[in-house]
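Each remark here refers to the structure printed beneath this line.
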Amino acid sequence: MPGLEALEKAVQICKQEGYLKDIIGQEGFATVNYDLFSYDNQLRWEGREEGRKEGRKEGKKEGKKEGKKEGKKEASRNVAKKLLEAGIPVETITACTDLSLKEVTMMRKTLNTEN
């Protein structure tokens, strides 16, 4: 680990020269290592928390979008059902509701079996 060795050497030099006495203390590298470890864990925790917030935000946004899409589809089905009950041709219903011909035809068959 070149980075770790460089850090140990830097701590030794600081101790020899009397720099950062209040930060390094007698423990030297152990204290610096612990501080770096704590700092690293704090950054990871903050990163995870930020990721969770972003994920929740994206999830809500996507959920709303999906809900609106499903709501529009359900509204189209309700309109199609009423139009079928009124005797409107399947082709006209597909043009007006953006439902597929297959879907409207299946709806018509279902309505015919119910009546």
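All of the numbers you see were taken from the coordinates with simple rules; none came from a lab. Here the structure is a predicted model, which is why all the values come from computation and not from measurement. Positions of Cβ are generated from backbone atoms using ideal geometry, with glycine treated the same way; all protein chains shown enter the neighbour counts.
Some observations on this one:
- Listed by chain and number, the lysines whose C-alpha is less than 16 Å from the C-alpha of K64, apart from same-chain residues fewer than 8 away, are K72, K73.
- Candidate lysines for bridging to K109, where Cα separation is under 17 Å - those fewer than 8 sequence places away on the same chain excluded: K81, K82
- The order of C14, C96, going from fewest to most other C-beta atoms within 10 Å of their C-beta, is C96, C14.
- Which of V104, V90 has the fewest Cβ neighbours within 10 Å, and the rest in rising order: V90, V104
- Note on A10 and T105: the extension gain reaches 26.4 nm, defined as 0.36 nm multiplied by sequence separation minus the Cα-Cα distance.
- Taking only alpha carbon atoms, segment 49-92 gives an Rg to Rh ratio of 1.39, where Rh is the Kirkwood radius.
- Exposure proxy for R77, R48: other Cβ atoms within 10 Å of each Cβ, ordered fewest to most, give R48, R77.
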